[in-house]
Amino acid sequence: VGLGVSPGIGIGRVCLLNRLYHVAEWEPEESEVEGEILRFREALNEAATQLREVKQKVASQPHLREHIYILDTHLLILEDEMLVSSTELLIRQKINAERALDQTLKKLRLMFENIDDDYLRERSSDLDAVGQRLLMILSGIDDTTLEMVKGKSLIAAHDLSPADTMQLDRSKVVGFLTDRGGKTSHTAILARSLGIPAVVGLESATTVVDSEMSAIIDGTTGVVVLNPSEETFREYLKRKLAF
């Protein structure tokens, strides 16, 4: 059971999104340090380009237009002085760009986690979304997973960024479940706007689900049922039709 953040019943087959979990680590030579800083700066520029492209796509969709500010927030994070300068400082201490960025993100995340205000604490998920995008660019991973989603899919992910959520094809995606996230996260807000059932904060769901596994999620109660029996399937189908 997780947090139901967007009401409705989602019934389908799991599509597991595999994101980058391993961060490469090596010690650059003195002569390679400037090259690592340049690589980091190029990743910042590429991430900004990607987010602006998503903004262009979203601008033509009336139900998402009001949420463009979320992408603007992510663009501002890319320019954050602490994020940029802390990472570059670590690179100058002969730490490769990926590891330096990862260490900076962990430090900033700790600062967020110590904030009392729930809403502000949830903004750490925006930092994570930006950090994940940067790490994938630095690692040379071209993420096209969302483009390969088949019909009647339940997306399962460690976390789903607002940019990813905005690009979900509602004709194919019947719901999503994530390990991280809370009721006030931008991803949860977007799920409600899109009318996609969602359960977040499951902690370790992605370690127990497999792609193509049959599943049901209840975005109101936060219940997730894996490989449901025929009886359970019928019960939830009845509730879905009555929703």
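The values are calculated or read from the model by the stated rules, or taken from the named source; none is laboratory data. All of these numbers come straight from a predicted model, not from anything done at the bench. No Cβ is skipped: glycine too gets one built from the backbone with ideal geometry, and neighbour counts run over all protein chains shown. For accessibility, only protein heavy atoms count, side chains too; no ligands or nucleic acids. Shrake-Rupley method; radii C 1.70, N 1.55, O 1.52, S 1.80 Å.
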Open item on the list: Among Leu160, Thr49, Ile68, whose Cα projects farthest towards the positive end of the dipole of the stretch 44-183, with charges put on the beta-carbon of Lys, Arg (+1) and Asp, Glu (-1)?
Closed with: Leu160
Open item on the list: Please report the net charge: other residues with Cβ closer than 14 Å to the Cβ of Asn227, K and R +1, D and E -1.
Closed with: -3
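Report the full-extension gain for the segment Thr220 to Asn45: residue separation times 0.36 nm, less the Cα-Cα distance, to one decimal in nm.
Details: separation 175, 0.36 × 175 = 63.00 nm, distance 3.91 nm.
Additional length available on full extension: 59.1 nm.
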- [ ] Please give, to one decimal in nm, the separation of the simple spin-label points placed at Gln103 and His63, each 7 Å out from Cα toward the Cβ.
- [x] 4.5 nm
- [ ] Would you kindly state how much longer the chain becomes between Asp72 and Leu38 on full extension, computed as 0.36 nm times their sequence separation minus their alpha carbon distance, in nm to one decimal?
- [x] 9.9 nm
Open item on the list: Quick check for the chain: number of Lys pairs with alpha-carbon distance under 21 Å, counting only pairs 8 or more apart or on different chains?
Closed with: 11
Task: Accessible surface of the chain [probe 1.4 Å, protein heavy atoms]: carbon and sulfur percent - done: 52 percent
Open item on the list: Quick check on packing: order 113-122, 206-215, 152-161 by the mean number of other C-beta atoms within 10 Å, highest mean leading.
Closed with: 152-161, 206-215, 113-122
Task: Cα gyration tensor shape for the stretch 130-227, rounded if a/c is under 1.5, else prolate or oblate - done: rounded
Open item on the list: Taking 8 Å as the Cα distance limit and 6 or more residues as the minimum spacing, I'd like the relative contact order of the chain as a percentage.
Closed with: 36 percent
Open item on the list: Can you give me the angle between helix 97-113 and the longest principal axis of the chain, using Cα atoms only, in degrees from 0 to 90, rounded to the nearest 10?
Closed with: 60 degrees
TODO: Quick one: accessible surface of Phe233, probe radius 1.4 Å, all protein chains present, in square angstrom to the nearest 10.
DONE: 80 Å²
TODO: Would you work out the relative contact order for the stretch 99-232, in percent, from Cα pairs under 8 angstrom that are 6 or more residues apart?
DONE: 18 percent
- [ ] Kindly provide the helix-only [θ] at 222 nm of the chain, computed as the sum of -39,500 (n - 2.57) over DSSP H runs of four or more divided by all residues, to the nearest 500 deg cm²/dmol?
- [x] -15000 deg cm²/dmol
Open item on the list: Let's see if you can work this out: charge +1 on each Lys and Arg Cβ, -1 on each Asp and Glu Cβ, no other charges. What is the dipole magnitude of the chain about its Cα centre, in debye to the nearest 20?
Closed with: 1240 debye
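For the stretch 161-201, calculate the relative contact order in percent as a whole number, restricting contacts to Cα pairs under 8 Å that are 6 or more residues apart.
On the way: 41 pairs, mean separation 19.8, N = 41.
Rounded, it is 48 percent for the stretch 161-201.
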Task: Model label zone, Lys183; criterion: amide N under 15 Å from point 7 Å along Cα-to-beta-carbon; scope the stretch 212-243 - done: 219-223
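Hey, with R₀ at 30 Å, roughly what FRET efficiency would Lys238 and Val208 work out to, going by the Cβ-Cβ distance, to 0.05? It would help to have the intermediate numbers written out before the result.
Numbers: r = 26 Å, r/R0 = 0.88.
After rounding, the FRET efficiency stands at 0.70.
Would you please classify the overall shape of the stretch 30-133 from the alpha carbon gyration tensor, given that a ≥ b ≥ c denote the square roots of the eigenvalues, rounded means a/c under 1.5, and beyond that prolate means a/b larger than b/c while oblate covers the rest?
It is oblate, given that a/c is not under 1.5 and a/b is not larger than b/c.
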Open item on the list: Classify the stretch 170-243 from the C-alpha gyration tensor, please: rounded if a/c falls under 1.5, else prolate or oblate depending on whether a/b exceeds b/c.
Closed with: oblate
TODO: Could you list which residues have their amide H under 5 Å from that of Gly175, counting only those 5 or more apart in sequence or on another chain, with H placed in the peptide plane?
DONE: Ile155
TODO: Quick one: which residues, 5+ away or cross-chain, put their amide H under 5 Å from the amide H of Leu16? H built at 1.01 Å from N.
DONE: Ala156, Ser211, Glu212
Task: Pairwise label distance in nanometres, Glu53 with Asn227, each label 7 Å out on the Cα-Cβ vector - done: 3.9 nm
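Given Cβ point charges of +1 (Lys, Arg) and -1 (Asp, Glu) and nothing else, what value in debye, to the nearest 20, does the dipole of the stretch 80-147 about its Cα centre take?
Details: 9 positive and 15 negative charges, 101 e Å.
Result for the stretch 80-147 is approximately 480 debye, rounded to the nearest 20.
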Open item on the list: Rounding to the nearest 10 and keeping the result within 0 to 90°, find how far the Cα-based axis of helix 124-138 lies from the longest principal axis of the chain.
Closed with: 60 degrees
Task: In degrees, nearest ten, helix 81-92 long axis to first principal axis of the chain (Cα) - done: 60 degrees
